[in-house]
Amino acid sequence: MTADKDDVIVLIDETTGKEINFEFLCTVEYNGNEYVCLVPSEESEDEEEIDNVVILRIVKGKDDEEQLITIEDDEEYEAVFELMQEEINGDECGEECDCDGGCCGSKAEDKN
């Protein structure tokens, strides 16, 4: 894994050996673990149409070097995905939003 100042992370596909550029979205914590959320660079240009989010668990390897591990458990992935959405939407909403941090287009008064 490599990253530069533009938040581009290059991962190597283990099956093809091809380098794939990703852009960093956020990190979240869940059950004592830290996760990184990435999107392929070509999709990040249109943030409203992001289809492929990659979520990887960050683990410490030898010499405390960080490694990114695929999440195998569906429940764990879904929980981290929800936290990622809250993290991303919270940044967009700001403190004065009426949608309870969801930035989903519905207003608080619509919930009644």
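Please work out if Lys107 is surrounded by fewer than 12 Cβ atoms within 10 Å (Cβ to Cβ) and modelled with pLDDT of 55 or more.
Details: surrounded by fewer than 12 Cβ atoms within 10 Å (Cβ to Cβ): yes; modelled with pLDDT of 55 or more: no.
It is false that Lys107 is surrounded by fewer than 12 Cβ atoms within 10 Å (Cβ to Cβ) and modelled with pLDDT of 55 or more.
Taking Glu96 as the residue in question, decide whether it is at pLDDT below 80, assigned to a helix (DSSP H, G or I) and surrounded by fewer than 16 Cβ atoms within 10 Å (Cβ to Cβ).
no
The values are calculated or read from the model by the stated rules, or taken from the named source; none is laboratory data. From a predicted model like this one, the values you see are computed outputs, not experimental measurements. Please note: Cβ atoms are built from the backbone with ideal geometry, for glycine as well, and neighbour counts cover all protein chains shown.
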